Amino acid sequence: MTELKEIQRLEGHTDRVWSLDWNPATGHAGIPLVFASCSGDKTVRIWEQNLSSGLWACKAVLEETHTRTVRSCAWSPSGKLLATASFDATTAIWENVGGDFECVSTLEGHENEVKSVCWNASGTLLATCSRDKSVWIWEVLPGNEFECVSVLQGHAQDVKMVKWHPTEDILFSCSYDNNVKVWADEGDSDDWQCIQTLGEPNNGHTSTVWAISFNASGDKMVTCSDDLTLKVWATENTGMQSGGGFAPWRHLCTLTGYHDRTIFSVHWSRQGIFASGAADDSIRLFVDDDESQVCQLFIFIVTADIHKHKQFKCCNLCAY
């Protein structure tokens, strides 16, 4: 079995680290890898890898904007903007201006804690979700302005994560109500509608769904839950709205028995490996078994038990 080794421990946050995101414009053409992390200490940290030593160092601390836990962070596709979502019910937009990060916009409207933020593939839309059970879609306007174009009401409980499809303007959300919802714009009037619900009746989760992630081509999706399972879903084509139609998602397989406490996080890398992180203090890595002819299409390949972490809230594989 492959072994997963810790190569460096990054310290600086003074409370739980909730989320991290790699800057997609880094890690190539001689540009060092950069990622952002956010925490219960109300700050966001920017980390950069030294090209010579391979070691990581904190390059910036973004603070004095959010007044409560920063729950989620996400870089825009261009890597120029960073969005951060907070329990203070706001989402902040940061821009790197001459080497210093400045908060250039604050998005308000949610009535309660903002749990997740995500950009679409073109960087023209931003989605946020909240404990207030709603999902908001924001249009990115010139001059770092943002306009809410739709408020989606469909979940019965706290919405834990929003995730855009990697190639289509289709939005996915998961919730404390045990469901994953699929949202699409039904025309040119910003009339966003729920076009599919993945729940217990169609082999969905039986408890809170915490996270969603897609493979590189966008034809498979993995979800994780408080029910101690990972579920893999598939769609027949990636051009889900081509010809005006929608290819619905179907349950492909359920991975169970790998974690014995809540699975909080899952992330699918471009190399076809996905990682899960759970409250049992462990990370599990899985790879697609293309030759399998049975339901168990994914092979467990590696584990890391790092008890000092005391529950994994996020895991994110480097895409490069």
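The values are calculated or read from the model by the stated rules, or taken from the named source; none is laboratory data. Just so it is clear, the model here is predicted, and its values are computed rather than measured. Please note: Cβ atoms are built from the backbone with ideal geometry, for glycine as well, and neighbour counts cover all protein chains shown. Note: accessible area is taken over every heavy atom of the protein model, side chains too, but ligands, DNA and RNA are not part of it. Shrake-Rupley method; radii C 1.70, N 1.55, O 1.52, S 1.80 Å.
Of V135, V104, all but one fail to be part of a strand (DSSP E or B), touching a residue at least 24 places away in the same chain (Cβ under 8 Å) and open to solvent by 20 Å² or more (accessible area, probe 1.4 Å); the exception is V104. The set of residues from the range 1-43 being within 22 Å of K163 (Cα to Cα) and not small (G, A, S) comprises V17, W18, L20, D21, W22, N23, P24, T26, V34, F35, C38. Counting only residues that are modelled with pLDDT of 90 or more, out of contact with any Ser or Thr (no Cβ under 8 Å at 6 or more places or on another chain) and not acidic (D, E), which one in the range 233-261 is farthest from C174 (Cα to Cα)? Applying the filter and picking the extreme gives G257.
Apart from one condition, N203 fits all of (1) in contact with a Pro (Cβ under 7 Å, 6 or more places away or on another chain); (2) on the phi > 0 side of the Ramachandran plot; (3) not assigned by the TED database to the domain that holds S37; the exception is (1).
Going through the range 138-156 one residue at a time, which ones are among the hydrophobic types (A, V, I, L, M, F, W, C) and part of a strand (DSSP E or B)?
Correct list: W138, V140, L141, F146, C148, V149, V151, L152.
Scanning the range 27-55 for residues that are open to solvent by 40 Å² or more (accessible area, probe 1.4 Å) and touching a residue at least 24 places away in the same chain (Cβ under 8 Å) yields H28, K42, R45, L55.
The set of residues in the range 1-26 being surrounded by 13 or more Cβ atoms within 10 Å (Cβ to Cβ), modelled with pLDDT of 95 or more and in a loop (DSSP other than H, G, I, E, B) consists of L10, G12, H13, R16, N23, P24, A25, T26. In the range 61-101, the qualifying residues are those that are in a loop (DSSP other than H, G, I, E, B) and touching a Phe, Trp or Tyr at 6+ places or on another chain (Cβ under 9 Å), and the one that is surrounded by the fewest Cβ atoms within 10 Å (Cβ to Cβ) is T67.
What number of residues within the range 91-127 are farther than 24 Å from N215 by Cβ and either touching a strand residue (DSSP E or B) at 6+ places or on another chain (Cβ under 9 Å) or outside the structural domain of C73 (by the TED database) (or both)? Total satisfying the criteria: 23.
In the range 171-194, the residues that are within 16 Å of A211 (Cα to Cα) reach residues that are part of a loop (DSSP other than H, G, I, E, B) and of a type in the set (A, V, I, L, M, F, W, C) with C-beta atoms within less than 7 angstrom, at least six apart or across chains, in these pairs: D177/A156; V182/W249.
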